[in-house]
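All of the numbers you see were taken from the coordinates with simple rules; none came from a lab. If you're wondering where the values come from, they're calculated on a predicted model, not measured in any experiment. We place every Cβ from the backbone using ideal geometry, glycine too, and count neighbours over all the protein chains shown.
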Amino acid sequence: MARILVVDDDIAIRAFLREVLEADGHQVDEAGDGKQGVLCYQKQPSDLVITDILMPEKDGVELIMELQESFPEIKIIAMSGGGRGLDAQFSLRIARDFGAIQQLEKPFTRKRVLETVYRVL
């Protein structure tokens with residue numbers, strides 16, 4: 001299957017995505033923010049990156065922009081539940097404009113995660 005990098009500052013979301021994706025046969029790497037995500041991807045490129053938008057250090061949009069610049073063929077799914085005065089749909093539209101191929105609005109189901117991953121891969 002695929003190697004997938006999950007980037008989110010919420011440990012519970014990372015754990016949920018790891019469980020869902022590994023049960024489907026994927027290999028999962030994790031990062032707690034955009035800065036760690038860039039370093040992780042540079043060290044071990046993935047077939048797909050799933051990233052939250054609102055994170056400390058480096059947010060998801062900054063992560064998308066940096067990875068797109070260095071790796072133009074990268075496949076990225078953005079996810080958001082909103083926050084900081086922004087609704088999830090607004091954050092996801094911004095992510096799409098900067099290169100996210102698909103979007104996931106939190107909360108999401110196992111089925112929705114897998115459908116989105118298969119659509120991108």
Given charges of +1 on the Cβ of Lys and Arg and -1 on the Cβ of Asp and Glu, with all other atoms neutral, how large is the dipole of the chain about its Cα centre, in debye to the nearest 20? 300 debye
Rounded to the nearest 0.05, what FRET efficiency do residue 96 and residue 57 have when you use their Cβ-Cβ distance and R0 = 22 Å? 0.50
Computed from these coordinates, which is mean projected area of the Cα convex hull in nm²: [x] 7.0; [y] 9.4; [z] 6.3? [z]
Candidates 30, 69, 22, ranked by Gaussian network fluctuation over the chain, Cα under 10 Å, top entry: 69
Using modelled amide H (1.01 Å from N, peptide plane; none on Pro or chain starts), what sits under 5 Å from the amide H of residue 30, excluding residues fewer than 5 places away? 6
Candidate cut points under trypsin sites (Lys or Arg not before Pro) in the stretch 44-119, DSSP loop plus at most 15 other Cβ atoms within 10 Å of their own Cβ, are 84
For 91, 70, 46, ascending order of other Cβ atoms within 10 Å (fewest first) is 70, 46, 91
How far apart, in nm, are the 7 Å Cα→Cβ label points at residue 12 and residue 27? 3.1 nm
